[in-house]
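Q: Once you've had a glance at the structure underneath, I'll fire off some questions.
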Amino acid sequence: MGNKQIKQQLETAQKTGILKISLQRLQEFPLQLRAYPNVLKTLDLSENRFERVPDELGKLTLLKHLNLSGNRLVELNEVVGELAKLEVLLLMDNMLTRLPKTLANCTHLKTVNLSNNQLKEFPSMLCGLKQLDVLDLSRNKITDVPADVGGLFVTELNLNQNQISSLAEEVADCPKLKTLRLEENCLQAAAFTPKILKDSKICNLAVDGNLFNSKQFTDLDGYDVYMERYTAVRKKMF
């Protein structure tokens, strides 16, 4: 996509509110976007070569859908916190090592995908976001799930393929959590305490590929209570 095509895309986007400039090997934010009118609701800059997000992004306060997946981002600019209407944030397949605390300001977030990055810490700033429904943190380097997790309002949390060896039992306090994916981590069976198995709303718990076998898991105190929830949900589905 040359400058002429980008210009045409930008002109069209002023009418539609949707701008897609992906797969263009761009290393820098298009200059035309730096002084662009605040009309965009969807911005797709996926599959480029961005290493950082410029401050000008914070001016696009009407954005609801932001796709920056498949770039080379090492960190996310704090201006993302100014996108108060943001509902979908796609950041998978980057090199992010940390996230800004300002993400807590994006109170309308519904879906956040951070899969396949370099995150080592659980993003606690997302706890307390009451609209957040799905959080994908798979394929990172997270080592523990802290007590803050109890403040997550998601129905699905994906932590597959991390390095998690510690799971706070406050995960049982998540008011809406139904699906918890923890496959291919470093957890012992004892990490799944009676509180998690008995008192949570989790009815789909994926735990294959950890440091225990299936018998150790099924022998846990509370496993039968968890299975009652699991079976009840399956009956409703069929």
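The values are calculated or read from the model by the stated rules, or taken from the named source; none is laboratory data. None of these values were measured; they are calculated from a predicted model. Glycine also receives a Cβ, built like all others from the backbone with ideal geometry; neighbour counts cover every protein chain displayed. Remember, those area values only see protein heavy atoms, side chains included, never the ligands or the DNA or RNA. Shrake-Rupley method; radii C 1.70, N 1.55, O 1.52, S 1.80 Å.
Q: 7 Å from Cα along Cα→Cβ at both Glu78 and Ser166: what's the point-to-point distance in nm?
A: 2.7 nm
Q: log10 I(q)/I(0), Debye, Cα-only region 1-235, no solvent, q = 0.13, 0.16, 0.18 Å⁻¹?
A: -0.78, -1.05, -1.24
Q: Calculate what fraction, in whole %, of the accessible area of the chain sits on carbon and sulfur atoms when a 1.4 Å probe is rolled over the protein chains.
A: The C+S portion of the solvent-accessible surface of the chain is 47 percent.
Q: If you line up the Cα atoms of region 112-170 on their principal axes, what length do they span on each, largest first, in Å?
A: Ordered largest first, region 112-170 gives principal extents of 26, 23, 16 Å.
Q: Sticking with this structure for a sec: Kirkwood hydrodynamic radius, region 32-137, all distinct C-alpha pairs: what's the number in Å?
A: 13.6 Å
Q: Using alpha-carbon positions, what is the distance between the centroids of region 9-77 and region 111-142, in Å?
A: 21 Å
Q: Sequence neighbours fewer than 8 away in the same chain don't count; with that in mind, list the lysines whose C-alpha is under 20 Å from Lys195.
A: Within the straight-line cut-off, Lys195 pairs with Lys176, Lys178, Lys215.
Q: How far, in degrees from 0 to 90, does helix 223-237 lean away from the longest principal axis of the Cα atoms of the chain, to the nearest 10?
A: 50 degrees
Q: Could you give log10 I(q)/I(0) at q = 0.17, 0.23, 0.29 Å⁻¹ for region 170-225, computed by the Debye formula over C-alpha point scatterers of equal weight, without solvent?
A: Once normalised to I(0) and log-transformed, intensities are -0.49, -0.92, -1.36.
Q: Given contacts defined as C-alpha pairs under 8 Å and at least six residues apart, what's the relative contact order of the chain, whole-number percent?
A: Across the chain, relative contact order equals 10 percent.
Q: Skip the ligands, DNA and RNA, and give the accessible area per residue of region 1-235 with a 1.4 Å probe, whole Å².
A: Dividing the accessible area of region 1-235 by its residue count gives 49 Å².
Q: Something else: Tell me the angle of helix 3-16 to the major Cα principal axis of the chain, expressed in degrees between 0 and 90 and rounded to the nearest ten.
A: Roughly 70 degrees between the two axes.
Q: While we're here: Too long at a 26 Å Cα-Cα cut-off: which of Lys85/Lys236; Lys120/Lys198; Lys15/Lys59; Lys64/Lys130; Lys4/Lys85?
A: Violating the 26 Å limit, Cα to Cα: Lys85/Lys236; Lys120/Lys198; Lys4/Lys85.
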